[in-house]
1. Can you give me the relative contact order of the range 59-166 as a percent, contacts being Cα pairs under 8 Å and 6 or more apart?
2. With a cut-off of at most 15 other beta carbons within 10 Å, and DSSP calling the residue loop, which GluC sites (Glu not before Pro) in the range 75-158 qualify? Please list them.
3. Please give the per residue accessible area of the range 59-111, computed with a probe of 1.4 Å over protein heavy atoms only, in Å².
4. Would you work out the relative contact order for the range 95-154, in percent, from Cα pairs under 8 angstrom that are 6 or more residues apart?
5. Going out from 0 in 10 Å bins, what whole percent of all Cα-Cα distances in the range 189-237 drops into each bin?
6. Take ALA86 and SER29, extend 7 Å from each Cα along the Cα→Cβ direction, and tell me the distance between the two endpoints in nm.
7. Just the Kirkwood number for the range 74-135, please: inverse of mean 1/r across all distinct Cα pairs, in Å, one decimal.
8. Which loop-located chymotrypsin sites (Phe, Trp or Tyr not before Pro) does the range 104-205 contain, where loop means any DSSP state but H, G, I, E or B and the Cβ has at most 16 other Cβ atoms within 10 Å?
Amino acid sequence: MGLAMSRWLGSPRLKKTDLQSCKSGSRFSRYSTPPPARLAWILDSAPLPVPGSEMGVPSGGDWSPQHCSPNFSVSADRRSVRRRPAECSTDVARGSRGWGSGLHVWEVRWAPGERGSHAVVGIATEHCPLQAPGYTALLGQDAESWGWELGSNELRHGGVLVGRYPHTLGEEEWAPEPPLAVPPTLLVVLDADAGTVGFAVDGHFLGVAFRGLPRRPLYPAVSSVRGDGTVTLRYLAGMSRQPLALTSMCTLRVRQMAGKDKLPLPPRLQRLVQPCSACNQEDSPFSTAKRP
């Protein structure tokens, strides 16, 4: 296996098909930061099944009806929340399960036309307020939440504007004007072990947005001021702090270099290097993490 992969990696044709080259058209590409190995594996793997579709119970990738503002209605499958029209109110919706350890990635879908003036995505503790009068970026207004305001690209925590995101060239500088238009789908990346939160857009990890988060349950959350806006949440994957196995690191590198090309390998090796979800690969690093 090692010889076959080494030969393929050394071929001139493969070197021209780097994974990042197919994403260079995104405006976020210049802010792309190489993800840590565990996160790279998650981003390269197939997502977990839709919450509850196999286990019959909520997976932690859904919204909590008990921890949403009264102006939010939760769908029957708990994957989406819809804000009712309400004047002079800012409202928060929070996920159903928080994590105090491990690496976790959620997908948030929020159409730009349904965001309004203060659309914020981020992380919150169980003590984050769920409603406030007026129109504001409620997520990030106190010490219990950390928010990225999508329209202005501003980062807020403790009621303070702490910077703009993404950072330029890996440095913690404010992004240039005008703010980047965030597409409908983005990923929230919580590393509860390191106490950090970051985001990924258009296949690019944009680096760490917040540091120093507490070691206690942390939940995905959004705040909104616009009526009739729908936000969908999905838990993609998670894993423990255990390092990646050498086999996993090798197959990840092969997939990164080969992109979507079908490798000329025997069927058994072909299956090994194909992306898989956390729930169906026995030697996957996800097998050491508790499923939500």
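1. Dividing the mean separation by the residue count of the range 59-166 yields 21 percent.
2. Loop-located and lightly packed - GLU87, GLU126.
3. About 38 Å² of surface per residue is accessible.
4. 34 percent
5. Whole-percent P(r) values from 0 Å outward: 19, 46, 31, 4.
6. If labels sit at ALA86 and SER29, their model points lie 4.2 nm apart.
7. Its Kirkwood hydrodynamic radius stands at 13.7 Å.
8. Sites meeting the loop and neighbour criteria: TYR135, TRP174.
The values are calculated or read from the model by the stated rules, or taken from the named source; none is laboratory data. Keep in mind it's a predicted model, so treat the numbers as computed, not measured. Cβ coordinates were reconstructed from backbone atoms using ideal geometry, including for glycine residues, and neighbour counts include every protein chain displayed. These accessible areas exclude ligands, DNA and RNA; they are computed on the full protein's heavy atoms, side chains included. Shrake-Rupley method; radii C 1.70, N 1.55, O 1.52, S 1.80 Å.
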